[in-house]
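Report on the structure given below.
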Amino acid sequence: MQDTKQLSEALRQMQDRVIGLFRPRFYPADQYIPVISDTDNVLVCVEVGTLLGLQELTIGKESGRYVEFPKTRPAYDRVEPKAQTLSDMMKDPVEFHNWYQQRVYTSK
């Protein structure tokens, strides 16, 4: 059996950077891609391709539907709310499923 620990860790590091999901207008209605950056209404999205190549898409928010992960407010009030990452969201798979059903799946 092959050791896939390094590969798993690399994917987890990607999940630590994902802040939302985006569906470009030219994608099928049920296909969203991970977003790693949102700066001035420009999104940077990443996908792992069929041959495991990393594909990057830089696109304007207005070119599709962006669903940002919820923000959390730290215990101390004066700090800006922090965007959750995919890793944060996946800590509770049932909660993530419910969020996905409400925000992504039913809002095609």
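Here, each number is a calculation from the coordinates, and none is a lab measurement. Fair warning: this is a prediction, and the values are worked out from it, not measured in the lab.
Short-range pairs are left out: with C-alpha atoms under 8 Å and at least six residues apart, the relative contact order of the stretch 5-107 is 25 percent. Entry note, the chain: the mean residue ellipticity at 222 nm calculated from DSSP H runs of n ≥ 4, each adding -39500 (n - 2.57), is -6500 deg cm²/dmol after division by the residues and rounding to the nearest 500. Its Cα gyration tensor gives the stretch 1-64 an equivalent ellipsoid; the semi-axes, largest first and in whole Å, are 25, 14, 9.
For the residues GLY49, GLY20, GLY60, a GNM of the chain with alpha-carbon springs under 10 Å puts the largest fluctuation on GLY49. With the chain treated as a Gaussian network of Cα nodes joined by springs under 10 Å, which of THR58, THR72, THR85 yields the largest mean-square fluctuation? Result: THR72 has the largest fluctuation of those listed. Note on the chain: Kirkwood radius taken over Cα pairs, Stokes-Einstein applied at 25 °C and 0.890 mPa s, translational D equal to 162 µm² s⁻¹. Amide H contacts of ILE33 (H built 1.01 Å from N, in plane; Pro and chain starts excluded): PHE22, ARG23 sit under 5 Å, all sequence-distant by 5 or more or on other chains.
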